[in-house]
Number of protein chains: 2
Amino acid sequence: MTEKTPNTPPTETEAPNILRQFLRGDDGTDRLSQIKALHPADFADQFEQLTNDARQGFAENNATLISPEILAELEDEVVEDILPFLPAGQIAEALTELDSDDATQIFEEMEDEQREEILEVLEPEDRANIEASLAFDDETIGRLMQREFVAAPPFWTVGDTVDHMRATGENLPDLFFNIWIVDTRFHPIGYIPVSVLMRHPRNTELSALLNDQIITIEQNMDQEEAAYIFEKYHLISAPVLDDDGRITGIMTADDIIDIIQDENKEDMLALAGVSDAGVTDTALSTVQARAPWLLLNLLTAILASFVIAFFDYTIDQFVQLAILMPVVASMGGNAGTQALAVAVRSLAERDLTPQNAWRAIRREALAALINGFIFAAMLAVIAYIWFDRQDIAIVAFIAMIINHFFAGIAGISIPLGLKKMGLDPAVSSSVFVTTVTDVIGFLAFLGFAALMLL
Amino acid sequence: MTEKTPNTPPTETEAPNILRQFLRGDDGTDRLSQIKALHPADFADQFEQLTNDARQGFAENNATLISPEILAELEDEVVEDILPFLPAGQIAEALTELDSDDATQIFEEMEDEQREEILEVLEPEDRANIEASLAFDDETIGRLMQREFVAAPPFWTVGDTVDHMRATGENLPDLFFNIWIVDTRFHPIGYIPVSVLMRHPRNTELSALLNDQIITIEQNMDQEEAAYIFEKYHLISAPVLDDDGRITGIMTADDIIDIIQDENKEDMLALAGVSDAGVTDTALSTVQARAPWLLLNLLTAILASFVIAFFDYTIDQFVQLAILMPVVASMGGNAGTQALAVAVRSLAERDLTPQNAWRAIRREALAALINGFIFAAMLAVIAYIWFDRQDIAIVAFIAMIINHFFAGIAGISIPLGLKKMGLDPAVSSSVFVTTVTDVIGFLAFLGFAALMLL
């Protein structure tokens, strides 16, 4: 065994793309051994940086370099692109070798024709696993879980368990962290971390070691729900139960990290009005992801314009109103967005629940009034100094307080309302909130102006 | 052993607060055994829902119910509040029993006086671990890592390793997933998952089992960097190296999930202009967390007002400009926010790097021009129909395209610029972006109007 320095991964700027250099093939270096030494995740990263043509060429000519682990690391879109260029035998082998969650994900990217071809050559067990996973909805645990796990009855000893694992070998998951202890109906009654099992003599009975504070998740659970449970209980893995309470698979923390990042990305982009959280690689897909929300924004902005148009006579008399109008709208929009982001995040983290919603709304309302008062006073002073008109200052003052108040209320109650209706509180809520703040802002400002100045 | 149904955790709405019922103590139920059956994470959740007084009373009168695991689960602020009410002996015991990362976190929340008291009674090893962790900055791996781990030389056999673990017992980490294989200088040269070790006969040499594709992190690394490495390589645990490349601790995926959630929350709230990502429990702390950004927004909005004021004569002549002005500003602001959110997220995920920044900027610019053209055309048609004036429609058309273009450019280049300066690309970038879109929007719209209409 030769000694190696461990790989603290290089930062993006340092890392040359070995695959690209290999495809150019003009520098005489032995790239092949460098490629084989790449971690699957690094291979996948470099492969994804290649052009589509280069990827397909690589898949066609160097299929054997694309190991099952690399397939599991590649983005879905990239897997879809190269699958047609890989030999059926190699794909089938990969599906057999990988744990069922990764195998299912690769299988999903195949065309119908290729699926049939592959299903025919798969072992019945692997085939059954993939078909069982595909029967579940996207983003549910049944689709995402791994169906390989290690279970043992409580009356086994440490020795029995170790012997069993040595005997089954190949059919065990690649890695596992807990032994699930099950009763005769295969319901989990506890767990033993492998690191605990190892420390005890062969004749210890599992029932003496098991921890019965076991947290389970359900196969029909939404991925977001499962992620929340992992986060709350600091889990590394959890058993998944079927509808009869039998253990049918497991989820592990590394897959949960992917789920959490997907959900966070979705929320953040949804709040900013970007529909498609997927790859936006081209200008055209960027346009597609954003235009629908811009259209909605155009319509609501026109709505606000109608409000302004209603007061055109007042503006005609006092051009100062046109000058200050955007300040009132912008401050309201900003305050509303702040309240909205906090509410969406609190909903995601379950800090905001139906139980404490009223308390949170009251808190937002009070905070909005306080901030409204502070900034209304500032704007009033500025307006008074600028235009030397007390009446315009008073109008700005009243409008700012009203707008802040409604901004706070809208910022928290719109996501709460969406959630209550079973909708995603992040999606479309910012358009609603800014519509409220624009319309109310202009209405309050120009309305009071019309009352007081004319 | 009695059989139990596993706990799929109840949803928030179902769960009664057992601790609150216990404190009321009026229903004759044996709450004590219910409390003892609570998972530490559930105990912590229910405890956090109590009022501050109730928490301190509970800590004073029922200190023994607050186990070390519960202390590790509680939010920092809550730990800080109750520590003065717990007996020093119990705290010291908790610090000894917990892994060093959790112990350090609890220690951080103590007052100086209590720290000294506790340090005196701690075992030298626990004391050294805590002091070593505290020497690192907040949010670095050295502060967050666990200092207990299992390492073995490559020439040991499976049997040697198992015997060693049985002998050291208490000083091992509570849970571990990998055995780190080290050379004579304690540099890691590979790892063996515990689940792999278990499957092999006692006389197998570790060198035959080890996987040398080991991913390591460094003690001075920022937590965000470490989280990225875990995500990329799908790690469950990773060794942490000191400055000489020796293994000095480990990080595990459950702690990484906490880090990821903190970082995501920070980014999302920063984008919305909320400074303090911490607990905003009262209206006053809510005001404090938001007022600074509202103040900044007021100043930039006034800046935009100056632009409008510069064209007051033009607006006086054409009140239609005042009506459409907010539409141009709002569309630009929206487009800018979209580009900004995508850029901030891509930076966080390392999809946007110095290498592909130019490509991304060009893509944003092109997408902005396309969307700008689409919505400029729509607004022009609406303006023409509404006001029956071709010239105002043309002004709106040109201003919208210009504003969209700058919104896209600002949305991606401002976070890139902040990142390049070593600043957080999420913090304050939305204020910059909307300032650009407001100022340029009004300038383009009113400027062209002055040129064309007067």
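The numbers here are math on the coordinates, done by the rules we state, and not lab data. None of these values were measured; they are calculated from a predicted model. For neighbour counting, all protein chains shown are included, and Cβ atoms are generated from backbone atoms with ideal geometry for every residue, glycine included.
Scanning residues 5 or more positions from A:THR204 or on other chains, those with amide H under 5 Å from its amide H are A:VAL158, A:GLY159, with H placed 1.01 Å from N in the peptide plane.
Shown here for the range B:23-96: trypsin sites (Lys or Arg not before Pro) in loop regions (DSSP other than H, G, I, E, B) with at most 13 other Cβ atoms within 10 Å, of which there are none. Annotation: amide H of B:GLY249 within the under-5 Å range of B:VAL240, sequence separation 5 or more or interchain, hydrogens built in the peptide plane. Computing FRET efficiency as 1/(1 + (r/R0)^6) for B:ASN211 and B:ASP316, where r is the C-beta to C-beta distance and R0 is 56 Å, gives about 0.15. The loop-placed trypsin sites (Lys or Arg not before Pro) in the range A:132-208, going by DSSP, that have at most 13 neighbouring Cβ atoms within 10 Å of their Cβ come out as A:ARG185, A:ARG202. Take every Cα pair under 8 Å whose residues are at least 6 apart in sequence, average their separation, divide by the length of chain B, and the relative contact order is 10 percent. With the convex hull constructed from alpha-carbon coordinates only, chain A shows a mean projected area of 30.8 nm² over all directions.
Most simply put, chain B has about 80% antiparallel DSSP beta bridges, counting only bridges with both residues inside it. 3J(HN,Hα) along the range B:214-219: 9, 9, 10, 10, 10, 5 Hz, from the Karplus curve 6.51 cos²θ - 1.76 cosθ + 1.60 with θ = phi - 60°, whole Hz, x for Gly and Pro. Relative to the longest principal axis of the Cα atoms of chain B, helix B:429-453 runs at roughly 10 degrees. Semi-axes of the equivalent ellipsoid of the range B:151-271 are 31, 15, 13 Å, computed as sqrt(5λ) over the eigenvalues of the C-alpha gyration tensor in descending order. Sorted from nearest, the other copies put their A:PHE85 label points 6.6 nm away, the label point being 7 Å from Cα in the direction of Cβ. A simple spin-label model places the labels of B:THR353 and B:ASP137 2.3 nm from each other, with each point 7 Å out along Cα-to-Cβ.
Using a 7 Å projection from Cα along Cα-to-Cβ, the label point at A:THR51 is separated from the same position in the remaining copies by 7.0 nm, smallest value first. With one equal scatterer per alpha carbon and no solvent term, the Debye-computed log10 I(q)/I(0) for the range B:18-144 at 0.21 1/Å reads -1.21. Beta bridges assigned by DSSP with both partners in the range A:151-271 are antiparallel in approximately 75 percent of cases.
Rounded to the nearest Hz, the phi-derived 3J(HN,Hα) couplings of the range A:286-291 under the Karplus curve 6.51 cos²θ - 1.76 cosθ + 1.60 (θ = phi - 60°) are 5, 4, 4, 6, 10, 4, where x marks glycine and proline.
One Cα centroid belongs to the range A:375-454, the other to the range B:104-174; the line between them spans 54 Å. Over the range B:283-453, the Kirkwood radius and the radius of gyration, each from Cα atoms, give a ratio Rg/Rh of 1.03. Here the protein assembly as shown carries DSSP beta bridges of which approximately 75% are antiparallel, counting only pairs with both residues inside.
For chain B, the longest principal axis of the C-alpha atoms and the axis of helix B:40-49 are separated by about 50°. Relative intensity of the protein assembly as shown on a log10 scale, I(q)/I(0) at q = 0.06, 0.07, 0.09 Å⁻¹, equals -0.48, -0.65, -1.03, per a Debye sum over C-alpha point scatterers of equal strength in the absence of solvent. Summed over qualifying helices (DSSP H, 4 residues or more, each -39500 (n - 2.57)) and divided by its residue number, chain B shows a 222 nm mean residue ellipticity of -20500 deg cm²/dmol. Grab the beta carbon distance between A:ARG115 and A:LEU299, set R0 = 41 Å, and tell me the FRET efficiency rounded to 0.05. With R0 = 41 Å, the Cβ-Cβ based efficiency is 0.45. Computed from the C-beta positions of B:THR184 and A:THR64, the FRET efficiency with R₀ = 51 Å rounds to 0.85. For the range B:346-356, the Karplus equation 6.51 cos²θ - 1.76 cosθ + 1.60, evaluated at θ = phi - 60°, returns couplings of 5, 5, 5, 8, 6, 7, 9, 10, x, 5, 9 Hz by residue, with Gly and Pro reported as x.
Amide H to amide H, with H built 1.01 Å from N, A:GLU218 comes under 5 Å of A:LEU241, counting only residues 5 or more places away or on other chains. Taking the label point 7 Å along Cα→Cβ, A:PHE306 and its counterparts in the other copies are spaced 3.7 nm apart, in ascending order.
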